[in-house]
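So the structure is just underneath, and the comments pick up after that.
Please treat every number below as a calculation from the coordinates, not as lab data. These numbers were taken from a predicted model, which means no experiment stands behind them.
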Amino acid sequence: MTIKSLLLPPAVAVARAARPFAGLSRLWAFARLRASLPTRVPDSVVVLGAPEIHGTANIVLGAELYLYRDLHLETQGHGRIEIGPRAVLSRGVHIVSFGSVHIGEGTMIGEYASIRDANHAFLADGPLRDGGHTAEPIWIGNNVWIGRGVTILAGARIGDRAVIGANAVVTRDVAPGAVVAGVPARPIVSRRAA
């Protein structure tokens, strides 16, 4: 008989007894998020695991968001992240702003997507790390579907109801209703923007 087989029955019993209290972990994650931000977090936001908040915490969250675990939200300098109501950020999403990142209402962002509005600036002499950053705003419209592993780079504008295929790299504007995929992302089909 293994240790696992001996410990499993009592561990399962404890897990079953703790089921009614599972909501407390979401409440704790919500409380940690609220404590991390200087702006108001609406009560309707669902937080499955407290996001990592870095930098100046200039982040505005809309109502009825659904935030999965392992999110990284970072603002530096005058950077701002604004997430509209009813958006969904899946597990492992990274959003970094030195300028402005806007995510529209009802937008869904797949696992491990990366949205960054800045690039490193090069110095003529000296380490890259000391060069600072150049930022261009990112604007993502309403009801956009961003697939798993997508990277959205500085200056991109994504129109309402666009779809970004998994693992695409968005380096330029995406028209409303367009479906794009690839590296760099290119249109593969267009849907009627309603």
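Computed over the Cα atoms of segment 131-179, the ratio of the radius of gyration to the Kirkwood radius (Rg/Rh) comes to 1.01.
Sorted from greatest to least, the principal axis extents spanned by the alpha carbons of the chain come out as 62, 47, 40 Å. Relative to the longest principal axis of the Cα atoms of the chain, helix 23-36 runs at roughly 40 degrees.
Remind me, what semi-axes does segment 14-126 give for its equivalent ellipsoid, largest first in whole Å, using sqrt of 5 times each Cα gyration tensor eigenvalue? Working shown, then result.
Working: eigenvalues 167, 44, 35 Å².
Three semi-axes, in Å: 29, 15, 13.
Rounded to the nearest whole Hz, the Karplus-based 3J(HN,Hα) values (6.51 cos²θ - 1.76 cosθ + 1.60, θ = phi - 60°) of segment 127-134 follow the sequence x, 3, 4, 8, x, x, 9, 10, with x at glycine and proline. Structure remark: mean-square fluctuation, Gaussian network model of the chain, C-alpha springs under 10 Å; the largest value among R86, R16, R32 belongs to R16.
Antiparallel beta bridges, as assigned by DSSP with both residues in segment 95-153, represent about 25 percent of the total such bridges.
With respect to the chain, whose longest principal axis is taken over its alpha-carbon atoms, helix 3-18 is tilted by about 80°.
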